[in-house]
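A quick write-up on the structure given underneath.
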Amino acid sequence: MIVAGAAVQGTGHLAAGRGCQDAFKAADLGDAVVLAVADGAGSRERSALGAHIAVDAACRVLAEGIPDARDAPETWTRWAAAGGARLVAEYLGAAAAVLRATGGGQPPSDGPAPDAGALAATVAAAVVRPPWVAFVSVGDCFGTVLTQGAARPGPAMEAARTGLAPETAAERCHLVLPPAVPGGPGPVFLSSPGAALRVRSFVVWEPELSGVVLATDGCTALSLDHPAAHGLPPEAGPVPSERFFCGLAATLRANGGDAEPLRALLSGPEAARTGDDLTVLCAVLDGR
Amino acid sequence: MSLYEFGPAEGYHERQPVLLLLDTSASMGRPAEQPPGRPAEQPPGRPAGQPPIDALNDALVRWFDGERTTPRLRARVEVCLVAFDSRVRVFDHGRNELVPVEEAASDRLFVPVDGMRPPRLEASGLTRLTDAVETALELARSRYRTLQEQHVPVRRPFLWVLTDGAPSDAHGNPMDPAALAGTARRVRLGEERGEFVLQAVGVRGADLELLQVLAPKAVLMLEDLSFGQILDLLFQSSDRITPDRTADDIHRDVRQYNEKRERMRRLEEKHR
């Protein structure tokens, strides 16, 4: 699998003298990959640190005990749910340790845990072991899966008749982990009360899986089309942009996994329309 | 070879309605009084003897025609102009004129920031500030609802009141704090519910005490800034609202941002 990602400081953060509060991390385990992106809360002073703790915790916790590709669906769903709970616990433990070590938490080690709110961050993680993908999420990061079927017989036969190169089936993208609904309640953070009960976890079994992409909420305008762009009514909700997701996968396959085109897009004039930090991380199947 | 050339998505950009409530009462048509024995001090961009309304008109044209906006503002901010004197009127972009709100087409009141061609404002009449605020609150709520129904990501509307006087009632009498209380309560309630943020800006002659009744934590007296500088401050501040900030946070941010700009300006003057 090709793993590639980029995080770019938002133009709003740039204007206000704030650094990038997003983070991403991937763990390549050979036949499986763990991806994690996190978005530190803009209003919390140490949230960039919280985002790094979140992706680090996700990659450590979710690299353990990954079910086999032949395991039953319930094995995968149970593992993903347990992984979500362990991720929250691991994050809170690490955040408390950091706060104690840096003077952010006064209580002694046997006292109540210090408030991790200063390190507030959302997180989304995906464990990719084709044909399975397990998603774990707290907050408003979002994710898509890409699929690419075998060449359809019709076009191939037509190609043989015309002598032109056979056409492969188009790659498609699916918004399986949607972002927050506009106007909805604010995001849940890993440090929010009851975060362990508000973890979303689910698994996808997709024999035509060709990639997985995670992104922080700042990327919605850059990567999702308004339904009207597809002739759909507003209530259909945002549609993942094939130009963005499938174009990204094709670009990475063509250049051997160099994320520079992604970084360039996230830093370009179209991306400047949002002030938020922008982070995208993906695993693209490379046909091996 | 892929069917797709890598590039950005379409049409899911975040919007932010910004309502500018502009005082066009008679006092805006009078040049600043000149103290005996010395010339009146004028902020840069407001030449001595020029009525404030002319300076405001010039600044609006220059600001919206110029390159003062960032790509982020151009993509996100949509502006509604509300002018208030004895009447409250809104700018109908399609008709290119100020009209009473009940005559305006609701889909033509909010204009992308780079599509705004402001009308020439004229100064006359009273200062019906409370009517303007009540009208603007309803316009903001309505626009917010419409964008949500269209499933467009939308930030809280930001209302900016720009005035050089004191609110008056329908007969031209100055309003007292008790008469402003109802509007002030509705502003506060809407801010607490996260429906909008309202910030008041007083220029020379504004009644600070009454503005503070309307918006206790959200009044800036910007007597030394040109209208162009005020518009800069206003849009740059609107740009800095993030969804996780309370109205009080935002008012504090605006105040601190203005103080910082003022310190920078003085520093620049000192070393000029």
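May I ask what percent, to the nearest 5, of DSSP beta bridges between residues of chain B are antiparallel? Provide the component values of the computation, followed by the final result.
On the way: 10 of 33 bridges.
In chain B, approximately 30 percent of DSSP beta bridges are antiparallel ones.
Pulled fully out, how much extra length does the chain show between B:GLU5 and B:GLU268, if you take 0.36 nm times their separation in residues and subtract their Cα-Cα distance?
Numbers: separation 263, 0.36 × 263 = 94.68 nm, distance 4.75 nm.
So the extension gain works out to 89.9 nm.
Please rank A:VAL138, B:VAL61, A:VAL239, B:VAL254, fewest neighbouring Cβ atoms within 10 Å first, as an exposure proxy.
By the 10 Å Cβ count, ascending: B:VAL61, A:VAL239, B:VAL254, A:VAL138.
Using only alpha carbon pairs under 8 Å that are at least six residues apart, calculate the relative contact order of region A:2-284 and give it in whole percent.
Result for region A:2-284 is 28 percent.
How long are the three semi-axes of the equivalent ellipsoid of chain A, in whole Å, if each is the root of 5 times an eigenvalue of the C-alpha gyration tensor, listed from largest down?
Values: eigenvalues 243, 100, 54 Å².
Gyration-tensor ellipsoid for chain A: 35, 22, 16 Å.
Please express the shape of the protein assembly as shown as an equivalent ellipsoid: the semi-axes are the square roots of 5 times the eigenvalues of the C-alpha gyration tensor, given largest first in whole angstrom.
Each semi-axis is √(5λ); the values are 50, 28, 20 Å.
Could you give the size of the charge dipole of region A:2-284 about its Cα centre, using +1 on the Cβ of each K and R and -1 on the Cβ of each D and E, expressed in debye and rounded to the nearest 20?
My answer is approximately 160 debye.
Tell me, B:LYS260, A:LYS25, B:LYS217, B:LYS270 in order of fewest to most beta-carbon neighbours within 10 Å?
Lowest to highest Cβ neighbour count: B:LYS270, B:LYS260, B:LYS217, A:LYS25.
Write down the percent of antiparallel bridges among all DSSP beta bridges whose residues are both part of region B:152-272, to the nearest 5.
Of the beta bridges lying entirely in region B:152-272, close to 10 percent run antiparallel.
Could you tell me the calculated FRET efficiency between A:HIS174 and B:SER86, based on Cβ-Cβ distance and R0 = 56 angstrom, to the nearest 0.05?
0.45
Report the gain in length on full extension from A:SER267 to A:ASP31: 0.36 nm times residue separation, minus Cα-Cα distance, nm rounded to one decimal.
Details: separation 236, 0.36 × 236 = 84.96 nm, distance 3.19 nm.
Extra length available between A:SER267 and A:ASP31 comes to 81.8 nm.
Using a cut-off of under 13 Å, list every residue of region B:103-122 whose amide N is near the label point 7 Å from the Cα of B:SER142 along the Cα-to-beta-carbon line.
Answer for this model: B:103-110.
Normalise the Debye intensity by I(0) for chain B, one equal point scatterer per Cα, no solvent, then take log10 at q = 0.12, 0.16 Å⁻¹ and round to two decimals.
Log10 I(q)/I(0), no solvent term: -0.73, -1.33.
Would you calculate, for chain A, the mean residue ellipticity at 222 nm contributed by helices, counting each DSSP H stretch of 4 or more residues as -39,500 (n - 2.57) and dividing by all residues, to the nearest 500?
Value at 222 nm, helices only, nearest 500: -9000 deg cm²/dmol.
Provide Rg and Dmax in Å for region A:186-235, with only Cα atoms included in the calculation.
When restricted to Cα atoms, region A:186-235 yields Rg and Dmax of 15.6, 41 Å.
I want to verify a result. In a Gaussian network model of chain A, Cα cutoff 10 Å, which of these has the top mean-square fluctuation: A:GLY237, A:GLY275, A:GLY103?
Comparing A:GLY237, A:GLY275, A:GLY103 in a Gaussian network model of chain A, the most mobile one is A:GLY103.
Report, to the nearest 10°, how far helix B:227-239 tilts away from the longest principal axis of the Cα atoms in chain B, using its own Cα long axis and a range of 0 to 90°.
The angle comes out near 40 degrees.
To the nearest 0.05, what FRET efficiency results for A:ALA63 and B:ARG108 with a Förster distance of 51 Å applied to their C-beta separation?
Values: r = 56 Å, r/R0 = 1.09.
It comes out at approximately 0.35.
Evaluate the distance, in nm, between pseudo-label points positioned 7 Å from the Cα of B:ARG185 and of B:GLN50 along their respective Cα→Cβ axes.
About 4.3 nm, to one decimal.
Quick check on chain B: helices-only [θ] at 222 nm, where DSSP H runs of length 4 and up contribute -39,500 (n - 2.57) each and the sum goes over total residues. Nearest 500, please.
Helices in chain B give a 222 nm mean residue ellipticity of -12000 deg cm²/dmol.
Counting only other chains, and only Cβ atoms inside 10 Å, what mean value do you get across the residues of A:243-251?
Averaged over the peptide's residues, the number is 5.
For the residue pair B:ALA170 and B:ARG255, what label-to-label distance in nm results when each label sits 7 Å from Cα along the Cα-to-beta-carbon direction?
3.6 nm
Out of all DSSP beta bridges in the protein assembly as shown, what portion is antiparallel? Express it as a percent rounded to 5.
The antiparallel fraction comes to roughly 75 percent.
Computed FRET efficiency, Cβ-Cβ of A:ALA97 and B:ARG120, R0 60 Å: what is it to the nearest 0.05?
Numbers: r = 64 Å, r/R0 = 1.06.
It comes out at approximately 0.40.
Just to be sure I understand the model, the point goes 7 Å from the Cα along the line to the Cβ. What's the resulting B:LYS217 to A:ARG78 distance in nm?
Label-label distance for B:LYS217 and A:ARG78, simple model: 5.1 nm.
So what is the relative contact order of chain B, in percent, for Cα pairs below 8 Å that sit 6 or more residues apart?
Relative CO of chain B lands at 22 percent.
Write out the trypsin sites (Lys or Arg not before Pro) in region B:93-122 meeting two conditions: DSSP loop, and at most 11 other Cβ atoms within 10 Å of their Cβ.
B:ARG120
Any read-out appearing in this document is the output of simple, stated calculations on the displayed coordinates, not a laboratory observation. Predicted model only: the values in this text are computed from it and were never measured. All Cβ positions, glycine included, derive from the backbone under ideal geometry; neighbour counts span all protein chains shown.
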